[in-house]
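Structure in structure tokens, see below.
The values are calculated or read from the model by the stated rules, or taken from the named source; none is laboratory data. Nothing here was measured: the structure is a model prediction, and the numbers come from that model. Glycine also receives a Cβ, built like all others from the backbone with ideal geometry; neighbour counts cover every protein chain displayed.
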Amino acid sequence: MSNKHQKEVSKRRTFGIISHPDAGKTTLTEKLLLFGGAIQMAGAVKSRKTATHATSDWMAVERERGISVTTSVMRFNYHNYEINLLDTPGHQDFSEDTYRVLTAVDSALMVIDSGKGVETQTTKLMEVCRMRNTPIITFINKLDRDGLEPLDLLSDIEEKLQIECAPLSWPIGMGKGFKGVYDLLRQQITLFTPSQDTRPEDGIVVQDLADPMLDTLVGNFAADKLREDIELLQGAANPFEYEHYLKASQTPVFFGSAINNFGVRELLDAFVELSPAPGPRATTTRLVDPGEEGFSGFTFKIQANMDPAHRDRIAFFRVCSGKFTRGMKVMHHRLGKEVNLSNATIFMAQERAHVDEAYPGDIIGIHNHGTIKIGDTFTDREELKFTGIPNFAPEHFRRVVLKNPLRMKQLQKGLLQMAEEGAVQVFRPIVGNDYILGAVGVLQFEVTMTRLKDEYGVDATYEPLKYTLARWVHCDNKRVMTEFEKKNQFNLAFDAEGHLTYLAEGNWRLNHTRELFPEVIFDKTRESV
Ligand code: GDP
């Protein structure tokens, strides 16, 4: 491996933001891009959500609801680091997409609303991060509003998310009385001035908290409270341990206000310093190191209709080793076919540009017409298959009702393609001829129906079903499996890749079946093949 290659890898930072809707992810993203010089003015990120996709029909669903269905990649440079921020749909109905994006990052930023603490979507996303022990830095946002006590926020995170908190900054007051933050590592204070779009001034160093200068800076009341808090922290909070952060058993915590651009620079500085560069990734045969010469990577997301005029799809591909150069030939191993990557796209903050080279950690977009599936591996030599890009068990189910039976073929094609893109999951019950749709969020059904109509000319609706959960099932003991299938035939279906899935009306039913068939294994996620 060359020195240059190693240098390129070590300056890459590829991450995603996890949060509950409204915690401030979009606002924070925008500020990060401002610092990175990738956008020039506030408001740009919000407008991206509506303007760029306005031409696409099925995106009308997104526009109407004012939510972001798509996931995009924003690339920016900060202090000589090449940062890839993988944006994720904020709406929980598209969490399946978000889950998958998290398989392609090296670390995550978690945004928590100081008024609300840990919310449901944060908990779910955290579960996904835990699958790969993704290191997480926490930003507690909206300190300009009255919220929960900082210590209570830390206990909330520790209790609900089962991760140790190590505060690296500490708020001085909150709401109307918010004075600034105290940097626990550098022992300096940065004073808060609301509503500024520029970087805050450098911090004021306070060597000793007993110094009366502190009272002059923030007032007696806030100064005393800070002294008390810090004393308390010294006994109660965990000291920051870099190794624990990397293992994802501890999260460093920062406080601030994204909308006021306060605490964001400190967060970004800490982020580039602490967060890991691309590391080795697992395949079915061995670990692949980013420093290896051979090119390799995998697809973690497919986006249809980026350009509705061409009915194209873009496969989002993460480079894992070697170097991508324009026009290179790679093997698409699932199909055993050689592909020329001539028109790959790299994603900048606001536009797409052709890419000439990309390194491990970078995301490139590959245009295709439906040949690439989520989880597909491409390499320039050795046959490999990356693991850890799972399907997530759906929580909502609908039966498809086709209005014109003559369109059955088109229905099949549309559903299969959408299943491959990961837009929705499709099941065929072992008894009967139905198509069952499975989704993590119900809005996925609406998008599926709109797309069936627009792209495949299929008029269909859907009906509710009694199922509420799905588990992929397998068992080494053939006799037990046969018996299991016989007894549960009305609850079994094959997914789009032919894997047997158990659909249940609720946990009680699942637990009951588990008790009856202890040898059968019920999986909540399934790796693509
Ligand atoms: P997202 O849904 O997580 O992307 O959240 P947004 O970034 O869209 O923010 C949700 C709302 O919170 C918006 O009205 C923002 O203006 C507001 N917001 C974001 N950051 C702050 C903050 O630091 N303080 C206050 N008071 N409001 C904020």
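Given the residues Lys142, Lys124, which is the only one that is within 16 Å of the ligand (Cβ to nearest atom) and in contact with an Asp or Glu (Cβ under 7 Å, 6 or more places away or on another chain)?
Lys142
Working only within segment 252-291, note down all residues that are surrounded by 18 or more Cβ atoms within 10 Å (Cβ to Cβ) and within 30 Å of Asp380 (Cβ to Cβ).
Ser275, Ala277, Pro278, Arg281, Thr283, Val288, Pro290
Considering only residues that are assigned to a helix (DSSP H, G or I) and among the basic types (Lys, Arg), which ones fall in segment 106-133?
Once the filter is applied, which keeps residues that are assigned to a helix (DSSP H, G or I) and among the basic types (Lys, Arg), segment 106-133 yields Lys124, Arg130.
Right, here's the next one. With respect to Tyr467, is the statement that it is closer than 28 Å to Thr513 by Cα and either surrounded by fewer than 21 Cβ atoms within 10 Å (Cβ to Cβ) or touching a residue at least 24 places away in the same chain (Cβ under 8 Å) (or both) true?
Yes.
For segment 126-149, what are the residues that are surrounded by fewer than 20 Cβ atoms within 10 Å (Cβ to Cβ) and closer than 21 Å to Ser257 by Cβ? I'd like the intermediate steps shown before the answer.
Filtering segment 126-149 for residues surrounded by fewer than 20 Cβ atoms within 10 Å (Cβ to Cβ) gives 127, 130-133, 145-146, 148-149.
Arg145, Asp146, Leu148, Glu149 - these are the residues of segment 126-149 that are surrounded by fewer than 20 Cβ atoms within 10 Å (Cβ to Cβ) and closer than 21 Å to Ser257 by Cβ.
Determine, yes or no, whether Glu446 is under 16 Å from Arg399 (Cβ atoms) and part of a helix (DSSP H, G or I). Break it down into steps so the answer makes sense when it comes.
Numbers: under 16 Å from Arg399 (Cβ atoms): yes; part of a helix (DSSP H, G or I): yes.
Yes, satisfied.
So, one more: Mind checking which residues of segment 419-428 are of a type in the set (A, V, I, L, M, F, W, C) and under 20 Å from the mean Cα position of the chain (by Cα)?
Scanning segment 419-428 gives Ala419, Ala423, Val424.
State whether the residues of segment 99-114 include one that is touching a helix residue (DSSP H, G or I) at 6+ places or on another chain (Cβ under 8 Å), more than 12 Å from the ligand (Cβ to nearest atom) and modelled with pLDDT under 90.
Checked segment 99-114: at least one residue is touching a helix residue (DSSP H, G or I) at 6+ places or on another chain (Cβ under 8 Å), more than 12 Å from the ligand (Cβ to nearest atom) and modelled with pLDDT under 90.
Further question on the same structure: For Gly361, state whether it is assigned to a loop (DSSP other than H, G, I, E, B) and either under 17 Å from Tyr462 (Cα atoms) or in the same structural domain as Asp289 (by the TED database) (or both).
Values: assigned to a loop (DSSP other than H, G, I, E, B): yes; either under 17 Å from Tyr462 (Cα atoms) or in the same structural domain as Asp289 (by the TED database) (or both): yes.
Taking the combined requirement at face value, the residue satisfies it.
For segment 315-330, state whether one or more residues are at pLDDT below 80 and not assigned by the TED database to the domain that holds Met418.
Within segment 315-330, none of the residues are at pLDDT below 80 and not assigned by the TED database to the domain that holds Met418.
So the check is Cβ under 6 Å with 6+ separation or different chains; which pairs have a first residue in segment 4-32 that's hydroxyl-bearing (Ser, Thr, Tyr) and outside any helix (DSSP H, G or I) and a second one that's at pLDDT below 95 and away from the ligand (no atom under 16 Å from the Cβ)?
Matching pairs, first to second residue: Thr14/Asn84.
Suppose we filter segment 225-262 for residues that are within 16 Å of the ligand (Cβ to nearest atom) and either assigned to a helix (DSSP H, G or I) or not small (Gly, Ala, Ser) (or both); how many remain?
7
Looking for something touching a residue at least 40 places away in the same chain (Cβ under 8 Å), in a helix (DSSP H, G or I), of a type outside the set (S, T, N, Q) and crowded, with 20+ Cβ neighbours inside 10 Å - is there at least one such residue anywhere in segment 451-460?
Yes, some residue in segment 451-460 is touching a residue at least 40 places away in the same chain (Cβ under 8 Å), in a helix (DSSP H, G or I), of a type outside the set (S, T, N, Q) and crowded, with 20+ Cβ neighbours inside 10 Å.
Condition check ((1) on the phi < 0 side of the Ramachandran plot; (2) among the aliphatic types (A, V, I, L, M); (3) not in a strand (DSSP E or B)) across all residues:
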position	(1), (2), (3)
Phe378	yes, no, no
Glu382	yes, no, yes
Phe397	yes, no, no
Leu406	yes, yes, yes
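If you check Ala222 against the conditions, is it surrounded by 15 or more Cβ atoms within 10 Å (Cβ to Cβ), more than 16 Å from the ligand (Cβ to nearest atom) and part of a loop (DSSP other than H, G, I, E, B)?
Details: surrounded by 15 or more Cβ atoms within 10 Å (Cβ to Cβ): yes; more than 16 Å from the ligand (Cβ to nearest atom): yes; part of a loop (DSSP other than H, G, I, E, B): no.
The answer is no for Ala222.
Quickly run through segment 464-482 and pick out the residues that are among the aliphatic types (A, V, I, L, M) and in a strand (DSSP E or B).
Those that are among the aliphatic types (A, V, I, L, M) and in a strand (DSSP E or B): Leu469, Ala470, Val473.
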